[in-house]
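What follows draws every value from the coordinates through simple rules; no lab data is involved. Keep in mind that this is a model prediction, so the values were computed, not measured. We place every Cβ from the backbone using ideal geometry, glycine too, and count neighbours over all the protein chains shown.
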Amino acid sequence: MTDLNQTALPKYPDMTAKTTEIDTLVIGAGQAGVAMSEHLSKLGVPHLVLERQRIAEAWRSGRWDSLVANGPAWHDRFPGLEFDDLEPDAFAPKERVAAYFEAYARKFNAPIRTGVEVKSVVRNADRPGFTIETSEGVIQANRVVAATGPFQRPVIPPIAPQDQRLLQIHSAEYRNPQQLPEGAVLVVGAGSSGAQIAEELQRAGKQVYLSVGAHDRPPRAYRNRDFCWWLGVLGEWDAEAAQPGKEHVTIAVSGARGGQTVDFRRLAQQGMQLVGLTKAFKEGVVSFQPDLAANLARGDENYLALLDAADAYIARNGLDLPLEPEARATFPDPECLTTPILELDLAEAGIRSIIWATGFAVDYSWLQVDAFDAKGKPQHQRGVSSEPGVYFVGLPWLSRRGSSFIWGVWHDAKHVAGHIATQRTYLAYRDPAQRQAETDASNASPIQPVSI
Ligand SMILES: Cc1cc2nc3c(=O)[nH]c(=O)nc-3n(C[C@H](O)[C@H](O)[C@H](O)COP(=O)(O)OP(=O)(O)OC[C@H]3O[C@@H](n4cnc5c(N)ncnc54)[C@H](O)[C@@H]3O)c2cc1C
């Protein structure tokens, strides 16, 4: 691994000057910003990356303490650098992921300025480009790339009760079990975050109620191949859009403790109480939709479909991968499934805290350009927005399923950087009269030899 102390960061344009000019400004230095910078550098596009905190900040302070990458080290990385201190099948701890992106940025001397927040981006009225207000002055840029992340604003649904006796946090604020008061906990949402947090709390001895909605839950691994591999060879990472009706289906996977399939029946057998979607809170009572069985059945269907597709792929390609019939074994239905809990008195159940693992929204209030639809959703084609000169990277489904994940954003950034380089080529074109005028001008003021 690159020694972080050995490579000096490059010098950047002087941000203390009143106005700085740059061809392309990238906002955000998570994995998306770092990938953008690499591709822009390769194409010779002058650019600057502004990051309000530190490189890969989300991986440092925006996640719980024990989080490891959901994909193995051989997969969850950029093509240009391996995690050379980890086994390929290991799951990198979150701090290691952050260090990885920092090392990656140093590898090509990425022009990243940390500690600078972009406050607003406005299109210039009387000349090309954009005026960007930052916490350290004004920048003029011909193009801006919003790489501020797919998960900017934690979302807690309006049903959350106003009850001072409960500690309520979003999964983005969860750090470890010690943070919570004594007593039981309700975790709302069973995607990767909710499922992992619920299991961690259960292992710490807490009674956990987990509210499970629609989800996909691929096997962690099957027939000696991780699910990341299966999604790759089966073309699922490259799917351009979610299947109709599956737009809001979360994916429950985990790399915790070496990686294990998320199996809600196993968690129930270990004492977790599963409930359906959380419906409402009223006078200290929480109610749930009667959809737990249907949600688990859909998750099982997704799980089994991947096993079937994997078996078919192995047969079609004559691969020599060991059979794994035990992957199809299921735990018996737990009582919370056969006799679903539809209401729960919070005090009686001893619930003292609620963790809302209910996802995130984007926040582009600072990007005051014509690149959004009526609902504020970015309008773009593979990251090239409807406002010329404005680009997005890192968004879910930007071009495919993999777009918001580590390996996927690298490919999207390549496309966006290519588009920027092509636009620069168009703008560099001069017609014969302009070329002649430029030749005449340079002949009129020949460069004087300089003695040094
Ligand atoms: C709990 C969790 C686990 C995940 N695990 C994995 C995984 O294992 N593998 C995987 O591939 N993906 C994973 N993801 C998905 C994805 O890889 C991460 O969310 C990743 O952090 C997204 O990278 P990004 O660069 O797009 O955004 P971010 O990492 O969020 O980076 C955006 C950056 O922009 C900066 N910024 C924002 N606004 C401004 C502004 N106005 N001015 C200047 N800077 C600004 C922020 O400080 C931040 O550093 C996970 C996501 C979550 C929530």
About its Cα centre, what dipole magnitude does the chain give when the only charges are +1 on Lys and Arg Cβ and -1 on Asp and Glu Cβ, stated in debye to the nearest 20? 660
Can you tell me the relative contact order of the stretch 217-261? Whole percent, Cα pairs under 8 Å, sequence separation 6 or more. 55
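Over the alpha-carbon set of the stretch 135-279, divide Rg by the Kirkwood Rh and report the Rg/Rh ratio to two decimals. Present the calculation step by step, with values, prior to reporting the outcome.
Numbers: Rg = 18.7 Å, Rh = 17.9 Å.
Rg/Rh: 1.04.
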Could you name the aspartates and glutamates in cross-link range of K375, using Cα to Cα under 15 Å and dropping any fewer than eight places away on the same chain? D363
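What is the packing order of peptides 151-158, 396-403, taking the mean over residues of other C-beta atoms within 10 Å and listing the highest first? Write out the running numbers ahead of the final one.
On the way: 151-158: 13.2, 396-403: 20.1.
Taking the mean over residues of other Cβ atoms within 10 Å, the ranking is 396-403, 151-158.
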Stick to Cα atoms and the Kirkwood definition of Rh, then tell me Rg/Rh for the stretch 127-168. 1.31
Charge dipole of the chain built from unit charges on the beta carbon (Lys, Arg +1; Asp, Glu -1), centred at mean Cα; most positive-end Cα among S399, A256, A374 is A374
Residue-count net charge about F331 - beta-carbon cut-off 13 Å; Lys, Arg +1, Asp, Glu -1: -2
Students often forget the sequence filter, so: which lysines lie under 27 Å Cα-Cα from K94 once same-chain residues fewer than 8 apart are removed? K107, K206, K414
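Any idea what the relative contact order of the chain is, in percent, if you count C-alpha pairs under 8 Å spaced at least 6 apart? Please list the in-between numbers first.
Working: 841 pairs, mean separation 92.4, N = 452.
With pairs under 8 Å counted, the relative contact order is 20 percent.
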If one computes the Cα centroid of the stretch 77-117 and of the stretch 288-336, what distance in Å separates the two points? 34
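Among 363-373, 36-46, what's the highest-first ranking by average C-beta atoms within 10 angstrom per residue?
Details: 363-373: 15.6, 36-46: 20.1.
By packing density, highest mean first, the sequence is 36-46, 363-373.
Using just the Cα positions, wrap the chain in a convex hull and report its mean projected area in square nanometres, one decimal place. Present the calculation step by step, with values, prior to reporting the outcome.
Numbers: hull surface 114.0 nm².
Computed as one quarter of the Cα hull surface, the answer is 28.5 nm².
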Distribution of pairwise C-alpha distances over the stretch 325-445, 5 Å bins, in %: 2, 8, 10, 10, 10, 8, 7, 9, 10, 9, 5, 2, 2, 1, 1, 2, 2, 1, 0
Relative packing of 424-430, 186-192, which averages over residues the other C-beta atoms within 10 Å, highest first: 186-192, 424-430
Going by amide H atoms built from the backbone, whose H comes under 5 Å of the H on G129, apart from near neighbours? N124
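Do the sum for the chain: with -39,500 (n - 2.57) for every DSSP H run of n ≥ 4, divided by all residues, what is the mean residue ellipticity at 222 nm, to the nearest 500 deg cm²/dmol? Walk me through the numbers on the way to the answer.
On the way: 10 runs with 122 residues, N = 452.
It comes out at -8500 deg cm²/dmol, rounded to the nearest 500.
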For the stretch 153-356, what proportion of DSSP beta bridges, expressed in % and rounded to the nearest 5, is antiparallel? 35
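Of the GluC sites (Glu not before Pro) in the stretch 195-290, which ones lie in a loop per DSSP and count no more than 10 other C-beta atoms within 10 Å?
Numbers: sites: E199, E200, E236, E240, E247, E283; in loops: E236, E240, E247, E283.
Counting only loop positions with at most 10 other Cβ atoms within 10 Å, the GluC sites (Glu not before Pro) in the stretch 195-290 are E240, E247, E283.
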